[in-house]
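These notes are about the structure you will find just below.
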Amino acid sequence: MSDKPKVFVTREIPAAGLEKVIAACDADVWPEHLPPSRDILLQRIAGCEGVLSLLTEKVDAEFMDAAGTQLKVISNFAVGFNNVDIDEATRRGIRVGNTPDVLTDATADMAFALLISASRRIVESQDYIRAGKWRTWEPLGHIGVDLIERTVGIVGMGRIGFAMAKRCHGGFGMKVLYHDKYRNEKAEQELGARQVDIDTLLKESDFVSVHTDLNETTKGMFNAAAFSKMKNTAVFINSARGPIHNQRDLHDALKNGEIFAAGLDVTDPEPIPMHDPLLTLRNCVIAPHIASATVSSRNGMAEIAADNLIAGLKGEPLRCWVNRE
Ligand code: DGY
């Protein structure tokens, strides 16, 4: 029997972090491509002092009960932690860690890639070629929307929102509006950003890009009423969390021409079911939640997640500690 602390790692993560975990812990690493079922998860967590979880795992009171009172740390391999019941963990004295910063640029790059793809109809054009429809150069075909000197509306001006705004302003001279409960003076000074109420942002923006966390206030905030306030030339981007938009309402807004296009890195649910009507629309570009999928981001996330786990097991401060207060 090992004298190292027992931990469950719910999926294989990059070696940059996994090797540290294996060296420091008695680690049970879930080896499969798909996450463990709920039943298996609850069995495997029993008796563990730590868990390295992904956004696919619901870490709630039932999970913590199944683990037992020796559970000291939940290290989430993501910057977002809406899958973890933070209040419950805090009440039980369990430390929760996340992996911010290392994925900021990669996520903003992805949001911007979606913005260009949806605006310039790139995926739709490729489908057109693959379907054998490209017969000639078309003066009236494939017309998209312009980017230069337009207005971007950032919902959630945190680290990733700022990085997205910087790309839009610095690269394309866009005017930046933002909606956030906090003022971001850096964005105002460096990018000339203007904090506005949500209705103003929806009404005046050519591109609306979501970078807020998922919580009770933001859940479903992009619904039929919100889409109806946007320009019919507007492009909606969500690289944060799927449930922030109402997927049926987004479908209807895209289909009825209330907005021009959408680019999503996140859907509700994930994976998006193959029968979801959004998949039938040409003006919606969808990626399978890959914004942080670059070498440096994923290695950085793995290192932070490992460091958080090991620190929590030793009762030391976590490198990125969500419930420190
Ligand atoms: C996160 O970190 O929250 C992303 O959604 C996945 O990298």
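Overview of values
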item: The chain: antiparallel DSSP beta bridges as a percent of all, rounded to 5; result: 5 percent
item: Cα gyration tensor shape of region 249-325, rounded if a/c is under 1.5, else prolate or oblate by comparing a/b with b/c; result: prolate
item: Cα principal axis extents for region 1-119, largest first, Å; result: 56, 30, 25
item: C-alpha long axis of helix 295-313 to longest principal axis of the chain, angle in °; result: 30 degrees
item: Computed [θ] at 222 nm, helices only, for the chain once each DSSP H run of length n ≥ 4 contributes -39500 (n - 2.57); result: -10500 deg cm²/dmol
item: Column: log10 I(q)/I(0), Debye, Cα scatterers of region 166-268, q = 0.09, 0.11, 0.23 Å⁻¹; result: -0.21, -0.32, -1.34
item: Candidates 259, 310, 129: whichever shows maximal mean-square fluctuation once the chain is modelled as a Gaussian network with Cα springs under 10 Å; result: 129
item: Rg to Rh, two decimals, where region 104-286 supplies the alpha carbon set and Rh follows Kirkwood; result: 0.97
item: Total formal charge among the other residues, if their Cβ is under 10 angstrom from that of residue 233, Lys/Arg +1 and Asp/Glu -1; result: 0
item: Solvent-accessible area per residue for the chain (1.4 angstrom probe, square angstrom); result: 49 Å²
item: Translational diffusion of the chain, µm² s⁻¹ [Kirkwood Rh, Cα pairs; Stokes-Einstein; 10 °C; 1.306 mPa s]; result: 75 µm²/s
item: Listed pairs 72/186; 6/58; 166/219; 20/72; 20/219; 175/229 exceeding 29 Å between Cα atoms; result: 72/186; 20/219
item: Computed lengthening from residue 43 to residue 223, 0.36 nm per intervening residue step minus Cα-Cα distance; result: 60.9 nm
item: Of all accessible heavy-atom area on the chain, the percent that carbon and sulfur account for (1.4 Å); result: 52 percent
item: Cα-based helix-to-principal-axis angle, 15-24 vs the chain, degrees rounded to 10; result: 20 degrees
item: Positive-end extreme of charge dipole, region 104-286 - chosen from 217, 193, 277 (charges on Cβ); result: 277
item: Crossing angle, helix 104-119 versus the chain [Cα axis fit, 0-90 degrees, rounded to tens]; result: 30 degrees
item: Column: log10 I(q)/I(0), Debye, Cα scatterers of region 168-207, q = 0.21 Å⁻¹; result: -0.64
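The values are calculated or read from the model by the stated rules, or taken from the named source; none is laboratory data. Being a predicted model, the structure only gives us computed values, none of them experimental. Backbone-built Cβ (ideal geometry, glycine too); neighbour counts: all protein chains shown. All accessible areas refer to the heavy atoms of the entire protein, side chains included, with ligands and DNA or RNA removed. Shrake-Rupley method; radii C 1.70, N 1.55, O 1.52, S 1.80 Å.
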